[in-house]
Amino acid sequence: MNFMHQPTPFLRRDILGGLGSIAVASMLKAEKGWQPPSGLPVMPQKAKRVIWLFMRGGVSHMESFDPKPMLTKYAGKSIGETPFASVQDPEKLKKVRVVVVNDANGKQRTTIYPLQTGYKRYGQCGIEISDWFPHIGSCADEIAFIRSMWTTDDNHGAQVQFHSGRHMLEPRVPTLGAWVTYGLGSMTDNLPAFINMGPRYFDIRDGHYLGPAYDAVNLKVDPKNPLTFAAPEIAVGKPEQAAQFDLIHKLNTLNAEQYPGDKTLAARMKSYQLAFNMQTAVPETMNLDTESDETKKLYGLDDKVTEPFARQLLVARRLAERGVRFIQLQHGDGAAGAWDSHSGLKKNHSMLAQQVDKPISGLLKDLKQRGLLDDTLVVFATEFGRTPGSQGSDGRDHHPYGFSVWMAGGGTKGGTIHGSTDELGFHAVEHPHYVTDVHATILHQLGLDPHQLEIPGRKRLERDFGHVIPEILA
Amino acid sequence: MPHPVPRVFLRRGTLALVWLAIPALAVDYEKEIKPLLKERCYACHGALKQKADLRLDTAAAMRKGGDGGDILAGDPALLLERVTTTDKDERMPPEGEGSMLNTEQVAKLKAWLAAGAPAPANEQSEADPRAHWAYQVPKSSGQSMDALLAARLSSKKLKPQPEAAPELWLRRVYLDLIGLPPSTEQIAVFLKDTSMPSRQRVVDQLLGTPQYGERWARHFMDIWRYCDWYGLGAQLRHSQKHIWHWRDWIVESLNTDKGYDQMIVQMLAADELAPEDRDILRATGFLARSYYLFNRTTWLDETIEHTCRAFLGLTMQCVKCHDHKYDPIEQADYYRMRAIFEPLHGRLDPWKGETDFEKNGLPRVFDLHLDKPTFRHVRGDEKNEDKSKPLNAGVPQVLEFASFQPASVKLPPASVKPALLPFVLEDQLRAAERDITAAQKALDQARQTLAKSPQPAAKPVTTPKMLISDDFTSAKPQQWEILKGDWKHSATGVRQHQTGAERRSLRLKPAPPADFEASLSFTIRGGQKWKSIGIMFDAADGDDVMVYMSAFSGGSKIQVALVSAGKSAYPAAGSVARPISQDVRYTLDLRVRGQLINASINDEPLLAYRLPQQRREGSLALTAFDADVEFHSFKLAELAANAVLREPATDKSVPLADAKAAVALAEKQFAAAKAKPAMIRAVFAADKARQDKALAKAAAAAEANYKLAQAEVDLVKAEADPKAKDADKKIKAAREAFEKANKKVAAPGETYTSLPASLKAQEGPEESTNTTVQTYPDTSTGRRLAFARWIADKRNPLTARVLVNQVWMRHFGAPLVANMDDFGRRSLAPLHQDILDTLTVDFMNNGWSLKHLHRAMVLSKLYRRSSSNAEADADTVAADPDNANYWRMNPRRMESQVVRDSLLHLAGKLDLTLGGPSLDPASSETSPRRSLYFVQNADTEHRFLAVFDNSNVLECYRRNESVVPQQALALTNSKLSRDCADALAAKLGKLDGEAFVTQSFLTVLGRSPSDAERRASLEGFQALKQNRSLFLQALLNHNDFVTLR
C-alpha cells in the first residue's frame, strides 16, 4: 500500500463490523449466544440512510403543520371558557415528568393565543401547511406528517428524549443514530458512518453503553476545519505526511509478522488508511465548488438568511451520496434551542422558519432529482410543541402533550397526514405516538428489528421499544 | 403485579394454528428445547420460582405439572396451548415478561411433543439458586496461579508461549503500575539483571512511587464513577463541589496500601466510622458523587445500583421494579437496601484554611432524615408507594451470612456542629483579621484620596488688591470694549442674546496683572448647542487662553482652551466634566499664577491645570460662545502672594463630596470589620459550651453589635446613592434595619447565629440556594456502617472476588469472570475459578492489600509470557484461538489517560505534582499535569482523551478499547503529539541516522528495532528528508506505542 497515492479504497465491512464493534465484541466475547450485528438488515430494507433534521427549542405545531383555527376563534378566552375545557383534566396531564421544578417555563398557559400565521393547501394531497413554510409546502406530496406526537418531559431535556427514547431523569442510553450505526455499520471507506452537525447541549454523546465508537462525529461545514484533528495543527507538507503514513504502515506491517493474527493491529492499520482518506474526503465533501449554481440556488445558498442551513443540507446530501449512514443536523443555537419562543413567537418563528424552509425543500427536491429520496429517510423533528395558550403577551410555552413531526422518502408515503390533536392542538388524540414510535418506524425502514438490537446485558431501551407506524409507510 | 397468574390452567380452543402446518421435525431436547425453556420460562417456573406450583426445568417436572396438571399430555398439550394462545391473559410468557415464541420455536416444541416429549432419564433439575458458585465462600487451592494454569494447559494439551523479551516485561509493569513508560536508562539498568530478584525490586520500586496511586486511582475512578460537579450554568445538579478531595483520598489510600476492605467501609460510612477524621471523611465522596438535585430517588437508585455492581457484582437495578429474573433476590430486597441509604444527605464541611465554600470545602455525606420510612415502589414507580408496610434496612437474604443489625452511632459535637471543628475558630478569625486589614487599607486609601481631592480655596491671608468690581447695571465704555455681540444692561447685569458658533466678548480695557484672581457670576439662558461662557486672558495677536464652562447637553464641563496661530486645542488634562444647567446662576472663580491655573465653580474646586507654554502679555475678556448669557458681576484682583494654589493631581482626583462619602463608608466598614472577631469568639464560645446562658447572652450581644455596625454600613451606602433606582425605598429600609439593629443591641436576648461553617446540599430545586445549616442530627443510624462491614467481610463471597477479577482484567487484558459487574446466576462458574478463588483468599489473608495482589500477578510466569501467536503450537492456536486458557499474554491498548501522560512523559514535559483541585479541562492539551486531574463530567469534552475512549462518568466497569480513525488523526495531527515529537527530536538530535533510529525505538517503544524495522525506518527517515520530529511522530503512531505488548 502506498499513501503517496490516495485515497486507497478497501473493503467496507472489515472496517465497520471491525472498527465499530471491535471493542464490544472483544469485551464480551465470553458471553454465549450473542453475536455482534452482521451489518446486514434483518428485514426488507426500504431506506439505507437517514437525514435527521432536528429543530432545537420546540417548534409550534399550531403554526407549522397542524392548523387550529379554534385558537383564533377563541383568542383571548381562557381554555375553561371554551367547549374544550376538558383538555385540562388533571388525569390527562399526568404523563409529564418534571425535571426543572419551579421553572418559570413549562407551565400551563390558559389564555388562548390566536394563530400567528395563515395556512394554505399544497400539492395534490391538499395538505394545509402554514405560511411560514411555503417551500416545504411545495414538497407536501413527498411528506408524511404525524400530527399526534407526545412526550413526557416539559423542558428541553426532551431533546435527549427525542434522540434516545428515554426521559432526562433516567440514565442516558444510546441515541437512535448510535443504534442504527451499530446495527448496520458504514457504507463508506472514507467517512465516519454517523455524523452530527450543529449545536447540542443536554447530551453531547450518542454511544453511551455502546461505547464512544458510536458517538456521532461532529463535523463543521467549514472546509478548512471540518473535523477535530482532520488537518495537522502544526503545518506539515503533504508529501511529508504521506511519507509518514507510509512509514507507519510499513512498520505496522512488519509488526504484524511478529504478531500474526492480531486483530486489533489489523484494525489499527485499516484505521490509519481510513484516517488518511478522511483527511481528503472530509474537506472534499465540505467543498461545494463543484455544485452547480442551480443546485446552490435550490437550497438557498445565494441568500444570507438561508445560507448557513442551506450549506449544511447540501453537505448532508453530499455525505449521503458518499455513504454516510446517519446524518444528524441540529438547528437553533443556545442551550434551550433557538425555536424556544416564550415571547415574540411570531418574529422568532417566522425568522427561523425562513432559515430552514427553503433549504429543506431544496434537500428534498435535490434528493428526488438524483434518485436518492427513495432510499434516504428524511426526518423533521423537534422536542415538543408549544402551548395553545399565550405566555406573556406574545409567546407560547413548552408543550409535551401534542406536537408534529414529519418524514419523507425512504419508503414513507408522501402526501399523508397521520394522527391528530384535539381542536386546540392540546393533546394528541387520534393515533397518539410516543417518540420511540418514530424510532421504531425508522429502524423498520432500515431493515432493523427494534426489539433485536442489543449487547450482552443490555437491550435497546429495555421497554417502550416503540411501534412501527404502518399508516405512513408506502 | 404486572400480570395476573391464573391459579388453574384452563383448556381453551383459542389456539393459533400457525404451527400446525409445520411438519414434525426431529428435535433434540437438550440442545433445542431446554435452552429455550430456560431462557423464556425458568425465571418463574424453575428453581428460582415456582409460579402456579409449576417447574419446567425437567421433563419429569413438566409431567408432574402444576396447578393445572401435566402440561405435556393431551393434544394440544397445555404447554403448547399456553404459548400459542392469542388470549393475552393466558399467554405465556405473560405480556410484559417477554415476546411470544416465534413460529420456529413453537414448531420445535410441537415436534418434541409429537415425538412423545423424550428427555434423558436422569435429567437433573435446575440447581438451587443459593448453590450458585459465586454465593459460596471462596476456598484456596493452596497452589500458585502459575501451577494451576500449568496444570490446566497440560491437561488440555495446550502449549504456552515462551517468555516475552525482558524489555517488554519492563514496559508492561511500568505502564501497568505507574501508567508511564520506562526511560532508556531504566531499560538499560534492568537489562543488566533480569533475574527474579531484580524484577521484584523493579516492582517494589514502582509500587513505592506516588505515580502508582495516581495510575490505579484512575482505574478506581472509572469503577466508582468519579465525576466533578456539573449542572446548568451555575446550578449544581450532579455530584458536589470539590469532589476532588475524594480523588486525592483514593490516590493516597492506594499509595499507603490501605486495605481494600477498609477503603470500602470508609467510602460508605466514614462519617459513622471516623466522624472526626477529616482525611477519612473525604472517602464519602463516593456517595456524594451520586447526588442529584432534581430527584432523590434517582440519587438513591444510582447509589444502590453502583454500590452493588462495583463492590458485589450484584445487579440490584433489575429488582427496583420486580423480583430478579435470575438471582434469588426479591423486589423488597431492593427497598430494604434503599432503607440503608434513606437517611442519607450531602453537605460541604469547612476545609482547614478556607472559609469560602466556593474555593474549598469537604464534600461528605451524613444521615439527615433519620426517621424517614422506606416503602416499596410498586413496579418501581416512585409515585406509587406501597404504604401498607415500611421496610427495614437489610441485605438480600441469600447473602446474609450474619444478621444485619445496624447500631446507631452517637456523633461527636464537631460532627453535629461543624463550627466547633478546631480550625474553624482560627480560620474565621484569620478571615476576619484579613477583612480588618482590608478595611483598614480601604480606609487609608479613601483618606488619601480625600487628601488629594481639591479642597475649597483657602481664604487668602491678605486681602487682594481689588482692581475691578462691576455689577454691569450700566455700560462702562471706558472699562469694556465690545468685541461682537449685542450687550444690554439691566438691574441684574448685562445680557448678550446672540447665539451661533462665534465668540462675542467684552474686552477689559485696562491690562490685567500677570498673576490674578477673577470671579465671574453668570446665568446661561440659552444657545443653539454649545452654550459656553468663559474668561479669556493673555489675548494678543489672535492667540489666547480661555477657561470656559459649557452647558452643552452632550456633556457639560469646565475646560481650558488654548488658541495659537488660529488653532484651538482642548487638552484633556484641562477638562473636568460637571453638570452645568441653563437658568442657574454660577460663580466661576479663576486664579492664575504663572503657568498654573485653578478654577472653581461655586467654591467647588474643579480644575488645576498647568499651561504647557510660557505666559505672554495680553488682554482679558469675558466671552460668550453660542450662548444667550447674563453676566451678573465680575471682580478682578491681583493674586495675593500667599494664596495657595493647587497643582494638577497626577491621578484623577475624586470630587470632594465623593471622597468624603467614601471615607465615611470606609470608616463604617472598618468599624464593622473590627466588630466581627468579638462576635466570632463569643459565638464560638457559646456554641462550644452549649446551654450556657451567660455565654449565649454574650454571643447574642456581640452579634447585635456586629449587626448594628453592618446596618450602619448599609445605611451609609444607601444614603450615599440618592439617585439609585428606588433610592427612597432603599434608604427607608436601611434606616429601619438600622433602628431595629439598634433596638437589638439594647436587648440582645440569648439567641444568636452559629458560625457559617457548613453548607447542606439542596434537598431539591425548590430550595433556592444551598442552605446554611449549622446543626445536624447528633446520631447516625449506623445502617451504612453495618452495610459496609457486611460488604467488606471475609465471609461475603462476592466482594474480594469481584475486586480480584477487576485487577486481573487490568493486568491480563481479559477478566476471569466475563461480566465484571454481574456475578449472579447469569455468570457461569468461570473456567479459572480455582485461580480466582485462590487469589481471592490470598488477597483477604494479606490484609486486602492491593500491592500484594499486584505482586502476585505481575511477578507471575503468565505475566512474563509473550503476547504473540508467532511460532505458537498450531494445535494450541486452533483449540483456543481466543486464549481463554492464557497460553499467551493478551496485548492491551493504553487507556486514554496513559496515552496522553506517556506522550508528555517521553517529551520530558510531564508535571508530577500530586493532587489538588480539578483543573480546567480546556487546558488539558497545554497543561503538563497528569490526566486524572482534569475536570471530568458528562458535560465536559476532552478532544484528545475522548478519541481514546475516555471513561464514561455514568458507568465504566471496563474501558472500551475501540480502534477508530480519529485516534490516528489525533496522533498524527494534534499539536500535542507533534510538540512531544519535537521535544524528543531535540533530545535525540545529535545521533546519526542508524543510532537515531535505534534510540528512537528504545525511547518510544521501549525496545530495539529488528533488522527489518531498522531498514524500513532508515528508508522512511530518508523519505521524510531526515526530519527527526516527523520520524518520531511516526513511531508514536506505531501500534506498539499505544499497546502494552
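Any read-out appearing in this document is the output of simple, stated calculations on the displayed coordinates, not a laboratory observation. As the structure is a computational prediction, the values presented were derived from the model and not from experiment. Virtual Cβ from ideal backbone geometry, glycine too; neighbours counted across all protein chains shown.
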If one takes the longest principal axis of the Cα atoms in chain B, at what angle in degrees, from 0 to 90 and to the nearest 10, does the Cα axis of helix B:833-845 lie?
50 degrees
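Can you tell me what percent of all Cα-Cα pairs in segment B:525-603 are more than 14 Å apart? Don't skip to the answer; put the middle values down first.
Details: 1944 of 3081 pairs.
Considering segment B:525-603, 63 percent of its Cα-Cα pairs are separated by more than 14 Å.
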For peptides A:350-358, A:212-220, sequence by mean Cβ density within 10 Å, most packed first
A:212-220, A:350-358
Can you give the angle from 0 to 90° between the axis of helix A:435-445 and the longest principal axis of chain A, with both taken from C-alpha atoms, to the nearest 10?
50 degrees
What is the distance in Å between the Cα centroid of segment B:258-301 and that of segment B:22-100?
46 Å
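I'd like the mean, over residues of B:872-885, of how many other protein chain beta carbons sit within 10 Å of each residue's own Cβ.
Numbers: counts 2, 0, 0, 0, 0, 2, 0, 0, 0, 1, 3, 0, 2, 0.
The shielding value for this peptide is 1.
Quick check on segment A:205-289: take the gyration tensor over C-alpha atoms, sort the square-rooted eigenvalues as a ≥ b ≥ c, and tell me if it's rounded (a/c under 1.5), prolate or oblate.
Numbers: a/c = 2.82, a/b = 1.26, b/c = 2.24.
Oblate is the answer for segment A:205-289, as a/c is 1.5 or above yet b/c matches or exceeds a/b.
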Could you give the alpha-carbon Rg of segment B:712-840 over 2.2 N^0.38 Å, rounded to two decimals?
2.21
In degrees rounded to 10, the 0-90 angle between helix B:1011-1023 Cα long axis and the longest Cα principal axis of chain B is 30 degrees
Label point 7 Å beyond Cα of A:Asp222 along Cβ direction - residues of segment B:941-957 with amide nitrogen under 14 Å:
none
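Quick one: of the DSSP bridges fully inside the protein assembly as shown, what percent are antiparallel, nearest 5?
Values: 122 of 149 bridges.
Roughly 80 percent of the DSSP beta bridges within the protein assembly as shown come out antiparallel.
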Just to verify a number: FRET efficiency for A:Lys459 and B:Thr437, C-beta to C-beta distance, R0 = 45 Å, to 0.05?
0.10
For B:Lys383, counting only lysines whose alpha-carbon sits under 23 Å away and dropping same-chain residues fewer than eight positions off, the answer is A:Lys92, A:Lys94, A:Lys95, A:Lys107, B:Lys320, B:Lys372
Quick check on chain B: helices-only [θ] at 222 nm, where DSSP H runs of length 4 and up contribute -39,500 (n - 2.57) each and the sum goes over total residues. Nearest 500, please.
-11500 deg cm²/dmol
Over the Cα atoms of segment B:86-134 the radius of gyration and the largest Cα-Cα distance (Dmax), both in Å, equal 15.5, 40
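Compute the FRET efficiency between B:Glu638 and B:Arg447 as 1/(1 + (r/R0)^6), taking r as their Cβ-Cβ distance and R0 = 51 Å, and round to the nearest 0.05.
After rounding, the FRET efficiency stands at 0.90.
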Modelling each spin label as a point 7 Å along the Cα-to-Cβ direction, I'd like the B:Leu859/B:Arg795 distance in nm, to one decimal.
3.3 nm
Would you list B:Tyr230, B:Tyr135 from fewest to most Cβ contacts within 10 Å?
B:Tyr230, B:Tyr135
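Which of the pairs B:Lys452/B:Lys676; B:Lys697/B:Lys717; B:Lys557/B:Lys723; B:Lys851/B:Lys987; B:Lys410/B:Lys674 have their Cα atoms more than 28 Å apart in this structure? Numbers along the way, then the final one.
On the way: B:Lys452/B:Lys676 31 Å; B:Lys697/B:Lys717 30 Å; B:Lys557/B:Lys723 20 Å; B:Lys851/B:Lys987 35 Å; B:Lys410/B:Lys674 38 Å.
In this structure, B:Lys452/B:Lys676; B:Lys697/B:Lys717; B:Lys851/B:Lys987; B:Lys410/B:Lys674 lie more than 28 Å apart at Cα.
Between B:Ser141 and B:Leu483, what is 0.36 nm times their sequence separation minus the Cα-Cα distance? Round to one decimal in nm. Present the calculation step by step, with values, prior to reporting the outcome.
Numbers: separation 342, 0.36 × 342 = 123.12 nm, distance 12.03 nm.
Computed gain between B:Ser141 and B:Leu483 is 111.1 nm.
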Per 10 angstrom bin, beginning at 0 and ending with the bin that holds the maximum distance, the Cα pairs of segment B:650-768 fall in percents of 13, 29, 28, 21, 6, 1
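Past the 30 Å Cα-Cα mark, which pairs from A:Lys220/A:Lys368; A:Lys270/A:Lys413; B:Lys484/B:Lys529; B:Lys49/B:Lys110?
Details: A:Lys220/A:Lys368 25 Å; A:Lys270/A:Lys413 40 Å; B:Lys484/B:Lys529 19 Å; B:Lys49/B:Lys110 25 Å.
Those over the limit are A:Lys270/A:Lys413.
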Full-extension gain between B:Ser388 and B:Glu719, please, as 0.36 nm times their residue separation minus the C-alpha to C-alpha distance.
113.0 nm
Within 10 Å of each Cβ in A:249-257, how many Cβ atoms from other chains are there, averaged over the peptide?
6
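How big is the dipole moment of segment B:29-82 about its Cα centre under a simple scheme where the beta carbon of each Lys and Arg is +1, that of each Asp and Glu is -1, and everything else is neutral? Debye, nearest 20, please. Write down the numbers at each step before the final one.
On the way: 10 positive and 9 negative charges, 45 e Å.
Using only the charged Cβ atoms, the result is roughly 220 debye.
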Stretched out fully, how many nm does the piece from A:Leu93 to A:Ser393 gain, at 0.36 nm a residue minus the Cα gap?
105.6 nm
For segment B:951-1035, just list the percent of Cα-Cα distances falling in each 10 Å bin from zero outward, please.
16, 40, 27, 11, 5, 0
Report the charge-dipole magnitude of segment B:688-758 in Debye, nearest 20, computed about the Cα centre from +1 at each Lys and Arg Cβ and -1 at each Asp and Glu Cβ.
160 debye
If B:Leu588, B:Leu314 are placed from fewest to most neighbouring beta carbons inside 10 Å, the sequence is B:Leu588, B:Leu314
Beyond 25 Å, the calculated P(r) of segment B:883-1011 holds a percent of Cα-Cα pairs equal to 35 percent
Semi-axes of chain B's equivalent ellipsoid from the Cα gyration tensor, sqrt of 5 times each eigenvalue, largest first, rounded to whole Å?
84, 40, 31
For the protein assembly as shown, what size does the Cα cloud have along each of its three principal axes, sorted from largest down, in whole Å?
144, 85, 84
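How would B:Leu1032, B:Leu399 line up from fewest to most surrounding beta-carbon atoms within 10 angstrom? Each step should come with its number before you reach the end.
Numbers: B:Leu1032 26, B:Leu399 23.
Neighbour counts put them in this order, fewest first: B:Leu399, B:Leu1032.
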Given R₀ = 30 Å, what would the calculated FRET efficiency be for A:Val42 paired with B:Leu828, taking r from the Cβ atoms and rounding to 0.05?
0.60
